[in-house]
Amino acid sequence: MDFAFFLIQLLNGLQYGLLLFLVASGLTLVFGIMGIINLAHGSFYMVGAYLAWSLSSLTGSLTAAILLAIPLTVILGMGLERLLFRHLYQRDHLYQVLLTYGLILVFEELRSLIWGDDVHGVAVPALLNASIPLTDNLSYPVYRLAISGVCLLLAAGLYFLIQKTRLGMMIRAGASNREMVQSLGIDIKLIYTLVFALGIALAAFAGMINAPLSSVFPNMGSQVLIICFVVVVIGGIGSVKGAMAASLMIGLAETFGQVLVPEVAGMIVYVLMAVVLVWRPEGLFGRG
Amino acid sequence: MNSRLTNILPFLVAGLLALFPLVESTFYMQLLTKVLIMAIFAMSLDLLVGYTGLVSFGHAAYFGLAGYAIALMAPKYETISLWWSLPAAIGVCALFALITGTLVLRTRGIYFIMVTLAFSQMLFFIFHDTKIGGGSDGIYLYAKPSMNFGDVQLLNLEKLENFYWLVLVLTVAVYLLLHRVLGSTFGRALLGIKVNEHRMRALGFPVFRYQLASFTLSGALAGMAGYLAAAQYGFVNPEILSWHQSGAVLMMVILGGMGTLYGSVIGAFAFVLLQEVLSNQAWFGPSAKHWQLAMGIFIMLVALYLPQGLAGLSQRFGRKPVAEAADE
Amino acid sequence: MSEMQQVPGTGMPILSTKGLTKQFGGLVAVSDVSLDLYVGEVHVVIGPNGAGKSTLTNLLSGDLPPTSGEVIFEGRDIAGCSSDHISRLGIGRSYQKTNIFLPFTVFENCRLAAQSRTPHALRVFNRARAYTGINRQAEEAMAAAGLTHRAERIAATLSHGEQRQLEIAMCLATQPRILLLDEPLAGMGPHESQRMVELIKGLTQDHAIMLIEHDMDAVFALAHRLTVMVNGEVLESGTPEAVRSSPAVQLAYLGGEELLHD
């Protein structure tokens, strides 16, 4: 494996890992702060991708589609939190699993009714539709670099939001002590709604920006969801830092696995998870 | 309800079901066979969810693994002997449950749900991505297993009603086995672990070993169901391992009322029949294609408004809660 | 036998800790604690809230692993062993916050506790209620704790005091030799407290008891040996009389008041 080839795989792995982080960070925040297991999280990734596809064919521009779709997903997230998820905070995880499993079925069928069951490609924005030549016959697409860049920006923003802002402080306090936050007169319900909508918007956004690379297809959410579960298990529930570390780990492991040992590549992430479970059952950055 | 009635009721139901082949409807007999197989599957999961307090969302792994086990063991175009292939398939599942159990039981709560799901997906991708089990197309089983004694054929399972009776007998056997196990000191300890795991440990119970034993037994029985399902349909593909299968069986357990074995049987009946009705094209026309939409809404409604399932409905009218009933 | 053990400091302790320490991050909850338990003796540990008494109990029962130090039981270091293992060695505990099986009957609570002692507990085909030995053990424990008349009641429906009694009964049903009792009188009325004190007195003969308690009447009614903990450390340890007259204790913990006029 020469250096250019290695570099390409490295960049691909990082890009995939960063994208996973966008989906997994929402999942882990909702787990950690609200104590909710949301199986339908992957459906929002799918919704994002389909919105990107349908709106970009309407407007002719992926950027415009994304700008339109983000507020839509935020509204969807807030609405679902108010309508459904709010009833689940005090309930056993079992019922959270059931409700969100039912939600997946509903999302898949609605997707089928609205958008059909075909696979669709999404065009890369013209501005980013270029490649950087690495050697005579190897080059790297600018769009992938752009995705990585955007993901990094969002990750930094998320870090800033949670560590440095008042909202982030409330989020962190809400995670550790619900009663205390409520007694301070802070509206925990509003925080929950915002966190949930944020998580969903991140997942949907990941679906949107990845649509040109992955294209859009039925059940695309569940594949991502399960990998994100593995990310959260490895990183530790509620830990955004852990989600970042685990996402990159899995992104690289899967990308290099596919190149070096394609026969067993599908298993690598699960083996990683098993190793972490034996070594640190609470996850790498879990609270223990 | 008095306990004597509860004791004979399963036999009454089983007796009635044994007479069902007199109806002579291929469609309904196949449907009922499917229901009973799902009932075994659901009872195996109820042992975990309802009696041990472990919410597994990856139970299809054991169901599907046994299906693949029989399909891979069977020689092409020839029958395979039930006498060794059924125990072998169950054994494979028990072993897999034992191994995965030692890993997943290191976690609790949300983690446990995710990890069980992840391990079942691992199995899904193994069979989906590799050629071991024919990839995404799966494998065909051209003949039903044989039940011979020496050269004498005891039961020809190719005949629909014979296969049905076999499944019925095994369903009753699993019910009685679990009933017995749950009434034993072992079963009491499991219930104690479900209610207060921490205190059980403080009382000196090696909780992990109990949970692992329960997990293994549960996986083995799910394997029995998967073996029968593969034999009934005559093929297996990765869908048998999918998480929709895990979700469906969990739904059956909740729908019937978890922590009551008979609830799992009721839940399997209700769920499979509902599935059949909703996807019936004669009744719903082209929209039957989208039956999962109605099913999804139904599942959400059950989660929100019927947490104790159908068995919980009857308890509202004067039945005792499970833990108390266990004391009889 | 028992006369010898009544004298503090003689005979062999059944359980002793040496330099037991527990840190949570930067916080030292239990610091370098050494104490001994003898059969036939009640060793009371007192101290203000947050002194580390409950953490100490958790270290002895295996609910928490110590950061450093030893727990010697019959000549063997059992520090860091799991709580179920420690329980099976014969070290039983009750919890400060009632920790029972709320949906089960009182009898089933005790029966489960007794069942934990049977070597064949993993048997899957027996009938749980058919074990007369276990049933008798459970009944004896209920009788000792004065709960026989409540045997068929669901634990969740008991009064607070009765739930505390059940907590002790379950502990007794495991037939331990060492009892670690974490504030058994918490939240009890005077009448119920008196019962509990009598119960503990009756158990003293053949058990080694470590008792954590705030109720000073009970403390001095029961204690053969008294340890005062402050900020995770042992401030003073000895006979109740010696501790009572210790100037350090009076200053730091009792403000020179309570103990003298108990």
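No lab work stands behind these numbers, since they all come straight from the coordinates. This structure is a prediction, so every number in the text was calculated from the model and none was measured. Using ideal geometry, Cβ is built from the backbone for each residue, glycine included, and neighbour counts are taken over all protein chains shown.
Points to keep in mind about this one:
- Percent RCO, i.e. relative contact order, over chain C, from Cα pairs under 8 Å lying at least 6 residues apart: 26 percent
- P(r) tail, the protein assembly as shown: Cα-Cα pairs separated by more than 47 Å, 34% of all pairs.
- In this structure, A:L67 and B:I99 have a Cβ-Cβ separation that, at R0 = 56 Å, corresponds to a calculated FRET efficiency of about 0.70.
- Helix A:93-115 vs. chain A, principal-axis angle (Cα, 0 to 90°, nearest 10): 50 degrees
- Altogether, the Stokes-Einstein calculation at 20 °C and 1.002 mPa s, with the Kirkwood radius of chain C over Cα pairs as Rh, returns a diffusion coefficient of 113 µm²/s.
- Relative to the dominant Cα principal axis of chain C, helix C:190-204 is inclined by about 90°.
- Given chain A, longest segment not containing exposed loop trypsin sites (Lys or Arg not before Pro) (DSSP; at most 16 other Cβ within 10 Å): A:92-286
- Sequence ranges A:226-236, C:151-161, ranked by mean other-Cβ count within 10 angstrom, highest first: A:226-236, C:151-161
- Shape metrics for region B:12-59, restricted to C-alpha atoms - Rg then Dmax, Å: 14.4, 41
- Loop sites in region B:38-119: chymotrypsin sites (Phe, Trp or Tyr not before Pro), DSSP, at most 10 other Cβ within 10 Å: B:Y77
- Residues B:Y140, A:Y50 in ascending order of nearby Cβ atoms (within 10 Å, fewest first): B:Y140, A:Y50.
- Taking C:T148, A:T100 and counting other C-beta atoms within 10 Å, the order from fewest to most: C:T148, A:T100
- For region C:169-247 versus region B:85-158, the spacing of their alpha-carbon centroids is 56 Å.
- Over chain B, DSSP H runs of length four or greater, each weighted -39,500 (n - 2.57), average out per residue to a 222 nm ellipticity of -23000 deg cm²/dmol.
- Helix-derived mean residue ellipticity, 222 nm - over chain A, DSSP H n ≥ 4, -39500 (n - 2.57), to 500: -25000 deg cm²/dmol
- For chain A, the longest principal axis of the C-alpha atoms and the axis of helix A:220-235 are separated by about 70°.
- With kT/(6 pi eta Rh) evaluated at 25 °C and eta = 0.890 mPa s, and Rh the Kirkwood radius from Cα pairs, region B:90-198 diffuses with a coefficient of 136 µm²/s according to Stokes-Einstein.
- Distance histogram for region B:3-325 (every C-alpha pair counted, 20 angstrom bins, percent rounded to whole numbers): 31, 60, 9
- Put simply, region C:100-174 fits an ellipsoid with semi-axes of 21, 12, 10 Å; these come from the alpha carbon gyration tensor as the roots of five times its eigenvalues, largest first.
- Reducing region A:115-143 and region B:247-273 to their Cα centroids gives an inter-centroid distance of 48 Å.
- Region B:174-328 - Debye-derived log10 I(q)/I(0), Cα point model, q = 0.08, 0.09, 0.13, 0.19 Å⁻¹: -0.30, -0.38, -0.77, -1.35
- By the Cα gyration tensor, region A:199-288 has an equivalent ellipsoid whose semi-axes, rounded to whole angstrom, run 23, 18, 10 from largest to smallest.
- Exposure proxy ranking, count of Cβ atoms within 10 Å, fewest first, for B:L190, B:L54, A:L198: A:L198, B:L54, B:L190
- Expressed as a fraction of 2.2 N^0.38 Å, the C-alpha radius of gyration for region A:133-288 is 1.23.
- For chain C, adding -39500 (n - 2.57) for each run of n ≥ 4 DSSP H residues and dividing by the number of residues yields -9000 deg cm²/dmol at 222 nm.
- Peptides B:294-302, B:248-256 ordered by average Cβ neighbours within 10 Å, highest first: B:248-256, B:294-302
- Net charge dipole, region A:19-279: roughly 860 debye, given to the nearest 20, about the Cα centre with Cβ charges of +1 for Lys and Arg and -1 for Asp and Glu.
- From the largest down, region A:77-169 spans 59, 44, 21 angstrom on the principal axes of its Cα atoms.
- Restricting the chymotrypsin sites (Phe, Trp or Tyr not before Pro) of region A:60-106 to loop positions (DSSP other than H, G, I, E, B) with no more than 16 neighbouring Cβ atoms within 10 Å leaves A:Y89.
- Loop-located trypsin sites (Lys or Arg not before Pro) in region C:58-105 (DSSP state not H, G, I, E or B) with no more than 13 neighbouring Cβ atoms inside 10 Å: C:K97.
- For region C:131-201: Kirkwood Rh in Å [reciprocal of mean 1/r, alpha carbons]: 12.5 Å
- Here the relative contact order of chain A, from alpha carbon pairs under 8 Å that lie six or more residues apart, stands at 37 percent.
- For region A:19-279, dividing the convex hull volume of the Cα atoms by the residue count gives 150 Å³ per residue.
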